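Trainee: Before I ask anything, let me first share the structure, which is written out below as structure tokens.
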Amino acid sequence: MRKMRFLAVAALSVAALTSAGALRAETLADTLIAAYRNSNLLDQNRALLRATDEDVAVAVAALRPIVQFVAQSDYAFSRTSGSTLGAGGLPVSTGRSNNESLTSSVGLTASMTLYDFGRNALAIEAAKETVLATREALVGVEQNVLLDAVTAYVRVQLAQSIVNLRQNNNSLISQELRAAQDRFEVGEVTRTDVSQAEAALAAARSNLVSAEGDLVVAREYFKAATGAYPRNLAPLPAAPRTAASVEQARQVAMRGHPQVRQAQRQVTVAEINVARGKAAFGPSLTGSARVGIDDRGQETAGVGLSFNQTLYAGGELSALYRSAMATRDAQRANLLQTGVTITQNVGNAWSNVQVAAASITAGDQEVRAARTAFEGVREEATLGARTTLDVLNAEQDLLNAQADRLTAEANRYIGIYQLLAAMGLLTVDHLKLGIPTYDASAYYNSVKSAPATSTQGRRLDRVMKSIGGN
């Protein structure tokens, strides 16, 4: 009996915990985490980063020897005509003879660039800087993903609040319609008042259907941003802190925004490529070695050095060098323009937050005034001093004021996160979401030395498995 009582209590506890979990509200942090983990855009750009990591391995491999197995078979055919001197010293044909030969050989060849005026070394540096630039681009994608998640969360809550307002409006207008019908029956109002209330109710129902449609659209946006439809959304938490002033926000953005840092890396890559273009005019020294054996058992071996200097290439090298310098100038201009764009975006985001805050203050006053006016008009209507149309208009004014107030609050909340993104701070780490984040250096560290052995391959497999787990 005691055991059965214990099992019953345990079952009730499990049921209570399951029910509590099912009723648990989905917070904004939960939404941001889901967006980060389920984003196809992040997966795409992480894969692009890994492809860029491999460019470093390709550049490193250019400094190493190339060893090739060579199997070769040659067939040769020749035909000769013979002749001898006959009587009188004249040549006499002795006929034709065919000669055929088939030779085969196998061997190993190795070649390696010994000196190239730093071209390969510069290629490695350019590839490394490109990796760093691509990492910054990945941070930018992360910011966009998280901002979409915040926007989706707020849009769903706003749409649901508007639906609730429209439902309450329908209930109030239905009451006004019944009151108008009752007053019409006793002769206090005309049929016109009843028709006006009926028209207002029809418009309210239409607006409710429209609001419900907006909610469906917001839910679809939420699913696209996070990977699942919203469930029971918790109230919005307090907005995160941004900056004390717009100038401080701009300084933070110019120091650490991923677009600025990416543009800086791209300038460095362009400058390295200019140096590569200049080094291309220099010579190169290549060493080679070979060993082999043919089908007759004859063994061969040899080593060699090759010194190459391009004297004329049709103007290609000069064109590539000029192109590299033009690209460098373009990247420098892009860096300057990126700074202009970032500071503009910060200013715009800051202004939007300030405007939304002012709209909230004005909206509070408008709602209070509209509610007072509505209650007064409704009281005056009961005394016959106001018409049904006056009541309906006052009620519509109150509804519009409440909707504007909700929209202003939503805009302010989204605007704060837009400001964070403009400052370059809308990341999982800065928001302290407390989840493991993608390690952009893990794959790079596994491939930067161009691994080829089985031991390194197994290590790379482990890295890829851990990346897939994130």
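What follows draws every value from the coordinates through simple rules; no lab data is involved. From a predicted model like this one, the values you see are computed outputs, not experimental measurements. Here the Cβ is made from the backbone with ideal geometry for all residues, glycine too, and neighbour counts use every protein chain on show.
Trainee: Just to check I understand the Karplus step: with θ = phi - 60° and J = 6.51 cos²θ - 1.76 cosθ + 1.60, what whole-Hz values come out for segment 363-371, glycine and proline as x?
Mentor: For segment 363-371, the Karplus-derived couplings read x, 4, 5, 5, 5, 4, 5, 5, 5 Hz, x marking Gly and Pro.
Trainee: Can you find, among N169, L236, A442, the residue sitting farthest towards the positive end of the charge dipole of the chain, where Lys and Arg contribute +1 and Asp and Glu -1 at Cβ?
Mentor: The listed residue farthest towards the positive side: A442.
Trainee: Once phi is turned into ³J(HN,Hα) by the Karplus curve 6.51 cos²θ - 1.76 cosθ + 1.60 with θ = phi - 60°, what whole-Hz value does each residue of segment 417-433 show in order, with x for glycine and proline?
Mentor: 6, 5, 5, 4, 5, 5, 7, x, 10, 8, 10, 4, 5, 5, 6, 6, 6
Trainee: Let me ask you something else. Do me a favour and compute the ellipsoid semi-axes for segment 217-316 from its Cα gyration tensor, root of five times each eigenvalue, largest one first, whole Å.
Mentor: Details: eigenvalues 762, 162, 36 Å².
Each semi-axis is √(5λ); the values are 62, 28, 13 Å.
Trainee: Sum -39500 (n - 2.57) across every DSSP H segment of at least 4 residues in the chain, then divide by the residue count to get the 222 nm mean residue ellipticity, nearest 500. Don't jump to the answer; show the numbers that get you there.
Mentor: Numbers: 12 runs with 322 residues, N = 470.
Result for the chain: -24500 deg cm²/dmol, rounded to the nearest 500.
Trainee: What are the residues whose amide H is under 5 Å from the amide H of E26, where those residues sit 5 or more places off or on another chain and H is modelled from the backbone?
Mentor: Placed amide hydrogens put N232, L233, A234 under 5 Å from E26.
Trainee: If you don't mind, there's one more thing I want to ask. Can you give the relative contact order of the chain as a percent, counting alpha carbon pairs under 8 Å and 6+ residues apart?
Mentor: Relative contact order for the chain comes out at 23 percent.
Trainee: Which trypsin sites (Lys or Arg not before Pro) in segment 279-372 sit in a loop by DSSP (not H, G, I, E or B) and have at most 10 other Cβ atoms within 10 Å of their own Cβ? Could you put the intermediate results ahead of the total?
Mentor: Values: sites: R290, R296, R322, R328, R332, R368, R371; in loops: R296.
Here the sparse-neighbourhood loop sites are R296.
Trainee: Can you tell me, using C-alpha contacts under 8 Å and at least 6 residues apart, the relative contact order of segment 224-370 as a whole percent? Don't jump to the answer; show the numbers that get you there.
Mentor: Details: 93 pairs, mean separation 43.5, N = 147.
30 percent.
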